[in-house]
Structure formats: C-alpha cells, structure tokens
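In what follows, a single structure is set out as structure tokens and then discussed.
The values are calculated or read from the model by the stated rules, or taken from the named source; none is laboratory data. In this text, all values refer to a predicted model and were calculated from it rather than measured experimentally. Backbone-built Cβ (ideal geometry, glycine too); neighbour counts: all protein chains shown.
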Amino acid sequence: MSFDVELPKGSVSVSTAWGEGSGRGTVLVAHGAGAGMEHPFLSGFTDALNALGFATIRFNFPYREQERRMPGPAAHAIATWRAAVEHARVRMPEGPLWAAGKSYGGRMASMAVAEGLEVDGLIYLGYPLHPPGQPEKLRAEHLPAIAAPQLFIEGSNDPFIQPVSQLEDVVATCQDAHIAWIEGGGHSFEVKGHKRPADVIGASLAPLVADFARR
C-alpha cells in the first residue's frame, strides 16, 4: 500500500506492510543517500521484519521523490522524519515505534530525535560516522544527548567507521547504546568472498532488530 505524507516541501511516497501474527510494534525505515525506499536491501529487511511480527513503514525523502540524486538540506530530512512519525502514530497507534535508517537515513533520524522527536528506539543500518578516509570529520556530537535506546548495526570493514575503535568510543558516551557487529561487512554489509543478493543481506539483519526490540 502506498500513500503520501504531507510535508513543507511537498509529499513523499510511503509503503506500509503489517506483521504476521501478533503485532510487535512498528519499524519506520528510511533509505540511504544513494537509493530510494524500493532498494532490494530495504525490501528484504522489511519483509523479514514483517515475518517476525513487526509492521513496517518505508518512505522516501523529498529529493528522491523529486528524482534528484543528492540529498537536500538536513532540515528537509528532519521534517520528513517528523511527518513520518506523525503518520505512523495515526496509522499504527498500538505498540512501540522504532526509527530505522540505512546510513544517511539513520543519521537523519538521530538528528530528529536529538531535536525532540519521540520514538521508542533508534536502529542504524551502517551509521556514517565520518566520510571515508576522514575520521576527523565526526558526525556524532548529537548522539550522547539521545535518551532513547540506540542500536548500531555495523560492518567491521565499513570505511565510514574506520578505525572501529572510534565508533566504540562514541557509543560509550551515549546514554543507552549497543553495537551489533557484522564481521567483515562493508557499508552495505557485503562480506568479501560471500556474495549474496542485497535483499538477502537486508533480511539477515532483521533478527538483530527483533532482539533489540525485546528489551
């Protein structure tokens, strides 16, 4: 099912799916900077969450809806997250609500929550701690202010978090945060020598979210 979420900068497409069996809450899922909500990684991830009993809502950011390649201002993405959460509260009023995002999408969720957006937890699918090769340019100053539980699902070979000790140090400053490592994984959790389709990779991360949600 698809419909629109009204925003100051227009509207964006949304895809909703209900979980199988008893409801375990809703996971809102935002895409990364380079691909929209229909990317196989995200569809595999949400399909697997649905099979585990979670409802899911995927949505685009305005720049993707307008068929532009590069993200717009962070304020637009934060406004999108606010609108998506408001939409989810109406459509899925029962149970907890988690905000999840691939790379850029997760970072924008964290910025929205740091500014006061209320969710039951944050799930990062490869948090982009810094640009590759530039560990001095951290994107983490707001993370310690977040009170909601945070789950960082991270590939140990992801160039956006090298050296990995830097991410560990950042997470240690957070109020309630945990890292789930994917050994040998890159930024999209690909593992050298273990070729798998993107949807299968995305689906493999869903049990980590289920464990996080049980808390």
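Is it fair to say Pro144 is of a type outside the set (Asp, Glu), touching a residue at least 12 places away in the same chain (Cβ under 8 Å) and out of contact with any strand residue (DSSP E or B) (no Cβ under 8 Å at 6 or more places or on another chain)? Judged against the criteria, Pro144 is a match. Here is the figure for segment 90-104: residues that are without any contact (Cβ under 8 Å) to a residue 12 or more places away in the chain and either surrounded by 13 or more Cβ atoms within 10 Å (Cβ to Cβ) or touching a helix residue (DSSP H, G or I) at 6+ places or on another chain (Cβ under 9 Å) (or both) total 0. Of the numbered criteria (1) without any contact (Cβ under 8 Å) to a residue 60 or more places away in the chain; (2) under 27 Å from Pro73 (Cβ atoms); (3) assigned to a loop (DSSP other than H, G, I, E, B), the one Ala33 fails is (1).
Checked against the criterion of being over 14 Å from the mean Cα position of the chain (by Cα) and over 15 Å from Ala17 (Cα atoms), the candidates Arg68, Arg91 yield just one match: Arg68.
When you look at Ile153, is it closer than 23 Å to Arg214 by Cβ, surrounded by fewer than 22 Cβ atoms within 10 Å (Cβ to Cβ) and at pLDDT 95 or above, yes or no?
Details: closer than 23 Å to Arg214 by Cβ: yes; surrounded by fewer than 22 Cβ atoms within 10 Å (Cβ to Cβ): no; at pLDDT 95 or above: yes.
In short, no.
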